[in-house]
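Trainee: Have a look at this one.
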Amino acid sequence: ASSEHDEGDAWWQKGSPAWNALRERLPTGVAMPQQGEIFHWSGENSERGRIKAGQDLLDKLLELEANDRHYHLIGHSHGGSVIWHALRLATLHRETLDGLRTWTTVGTWDDKSRG
């Protein structure tokens, strides 16, 4: 999420229609992120920006791991690429992410797959 605000009308922001719809569908014992837990990144449209955000996301995930938290990741568009970079970096650094339950990307396209 490139905005610094956790609340708003964007699909990932607390209080948005998408946020509320997701929250209503969660099973018992699963919650949306609390204030201050939403991952933010620059939204810079460059591979360098996404790699940097991937490292920052991995750092956040390692904090969750250290606190024995379970989590699900959802990324839209370039946010899906950020998740991919975080998971790739975890693999390269042999970091285990035992708390990761699922990861989902929506509208993410890998431009490296073009011929």
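Trainee: Filter the stretch 63-91 for residues that are surrounded by fewer than 16 Cβ atoms within 10 Å (Cβ to Cβ) and of a type in the set (S, T, N, Q) and give the result.
Mentor: Of everything in the stretch 63-91, those that are surrounded by fewer than 16 Cβ atoms within 10 Å (Cβ to Cβ) and of a type in the set (S, T, N, Q) turn out to be N67, S77, T91.
Trainee: Let me ask something else about it. May I ask you to verify whether W41 is at pLDDT 90 or above, in contact with an Asp or Glu (Cβ under 7 Å, 6 or more places away or on another chain) and hydrophobic (A, V, I, L, M, F, W, C)? Step through it out loud before you land on a result.
Mentor: Numbers: at pLDDT 90 or above: yes; in contact with an Asp or Glu (Cβ under 7 Å, 6 or more places away or on another chain): yes; hydrophobic (A, V, I, L, M, F, W, C): yes.
So W41 passes the test.
Trainee: Select, from K52, K60, the only residue that is among the basic types (K, R), in contact (Cβ under 8 Å) with a residue 12 or more places away in the chain, outside any loop (DSSP other than H, G, I, E, B) and surrounded by 11 or more Cβ atoms within 10 Å (Cβ to Cβ). Before you say what the answer is, go through the steps one by one.
Mentor: Numbers: K52 fails: in contact (Cβ under 8 Å) with a residue 12 or more places away in the chain.
None of the others qualify; the one that does is K60.
Trainee: Which pairs turn up if I take residues in the stretch 68-85 that are closer than 12 Å to F39 by Cα and in a helix (DSSP H, G or I) and look for partners that are of a type in the set (A, V, I, L, M) and open to solvent by less than 40 Å² (accessible area, probe 1.4 Å) with beta carbon separation below 8 Å, at least 6 apart in sequence or on another chain?
Mentor: G79/A1; V82/A53; V82/L57; I83/L57; I83/L73
Matching residues to (1) more than 19 Å from T104 (Cβ to Cβ); (2) open to solvent by 40 Å² or more (accessible area, probe 1.4 Å):
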| position | (1), (2) |
| --- | --- |
| D6 | yes, no |
| D9 | yes, yes |
| G15 | yes, yes |
| W19 | no, no |
| E24 | no, yes |
| P27 | no, yes |
| Q34 | yes, yes |
| E37 | no, yes |
| H40 | no, yes |
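Trainee: On to the next question. Condition first: among the hydroxyl-bearing types (S, T, Y), outside any helix (DSSP H, G or I) and closer than 28 Å to E95 by Cα. Can you find one or more residues in the stretch 18-36 that meet it? Walk me through it before giving the result.
Mentor: If we filter the stretch 18-36 for residues that are among the hydroxyl-bearing types (S, T, Y), which is where we start, we get 28.
Now narrow it down to the ones that are outside any helix (DSSP H, G or I): 28.
Next, from what is left, pick out any that are closer than 28 Å to E95 by Cα: none.
No, the stretch 18-36 contains no residue that is among the hydroxyl-bearing types (S, T, Y), outside any helix (DSSP H, G or I) and closer than 28 Å to E95 by Cα.
Trainee: For R94, are the conditions met, namely being open to solvent by 100 Å² or more (accessible area, probe 1.4 Å), of a type in the set (K, R) and in a loop (DSSP other than H, G, I, E, B)?
Mentor: Values: open to solvent by 100 Å² or more (accessible area, probe 1.4 Å): yes; of a type in the set (K, R): yes; in a loop (DSSP other than H, G, I, E, B): yes.
Answer is yes for this residue.
Trainee: If you check S46 against the conditions, is it in contact with a Ser or Thr (Cβ under 7 Å, 6 or more places away or on another chain) and more than 24 Å from L26 (Cβ to Cβ)? Steps first, answer last, please.
Mentor: Details: in contact with a Ser or Thr (Cβ under 7 Å, 6 or more places away or on another chain): no; more than 24 Å from L26 (Cβ to Cβ): yes.
For S46, the condition - in contact with a Ser or Thr (Cβ under 7 Å, 6 or more places away or on another chain) and more than 24 Å from L26 (Cβ to Cβ) - is not met.
The values are calculated or read from the model by the stated rules, or taken from the named source; none is laboratory data. No experiment lies behind these values; they were computed from the predicted model shown. For neighbour counting, all protein chains shown are included, and Cβ atoms are generated from backbone atoms with ideal geometry for every residue, glycine included. Each accessible area value is taken on the protein alone, full model and side chains, heavy atoms only, with ligands, DNA and RNA left out. Shrake-Rupley method; radii C 1.70, N 1.55, O 1.52, S 1.80 Å.
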